[in-house]
Amino acid sequence: MRTTYISTAVAAALALGAGGQLTAASPASAAAPLSCDQPNDVTDNSGHRGVAITCRGDLFTGWVRCQKGELVYVRYGNRATSGGLSTVWCEQDGVPVAAGGDPA
């Protein structure tokens, strides 16, 4: 909103003019650290392999590092809420070699 921007700019100018220092306030909704369970291996009916992971603390997205022959790649799963489940799949014949959760 333009009024808020102008008010903030005026307050900042007055603080600097008076010899004050500006510091950035940390956001009120700072993300909590994630605590993730051990990923569970999953396989669908057609042989695709992947992982399912649950994390707590904030929204998160599961990821898996897969290997298919010499190719190593990363895939990302669905975004989930704290305590929810994110499932990530490798390509056909890909093998999960590492997995985890990232804040979303």
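All of the numbers you see were taken from the coordinates with simple rules; none came from a lab. Values in this document were obtained by computation on a predicted structure and should not be read as measured data. Here the Cβ positions follow ideal geometry from the backbone for every residue, glycine too, while neighbour counts run over all protein chains shown.
Quick look at the values:
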{"item": "Enumeration of residues in segment 73-104 that are in a strand (DSSP E or B), without any contact (Cβ under 8 Å) to a residue 40 or more places away in the chain and not charged (D, E, K, R)", "result": "TYR73, VAL74, TYR76, GLY77, ASN78, ALA80, LEU85, SER86, VAL88, VAL97, ALA98"}
{"item": "Residue that is surrounded by the fewest Cβ atoms within 10 Å (Cβ to Cβ) [pool: residues in segment 29-43 that are in contact (Cβ under 8 Å) with a residue 40 or more places away in the chain and not in a loop (DSSP other than H, G, I, E, B)]", "result": "ASP41"}
{"item": "Unmet criterion (only one of (1) assigned to a loop (DSSP other than H, G, I, E, B); (2) surrounded by 17 or more Cβ atoms within 10 Å (Cβ to Cβ)) for SER46", "result": "(2)"}
{"item": "Segment 49-72: number of residues that are among the charged types (D, E, K, R), in contact (Cβ under 8 Å) with a residue 40 or more places away in the chain and outside any strand (DSSP E or B)", "result": "1"}
{"item": "Search result, residues across segment 66-94 that are surrounded by 15 or more Cβ atoms within 10 Å (Cβ to Cβ), of a type in the set (A, V, I, L, M, F, W, C) and over 19 Å from ARG56 (Cα atoms)", "result": "CYS66, TRP89, CYS90"}
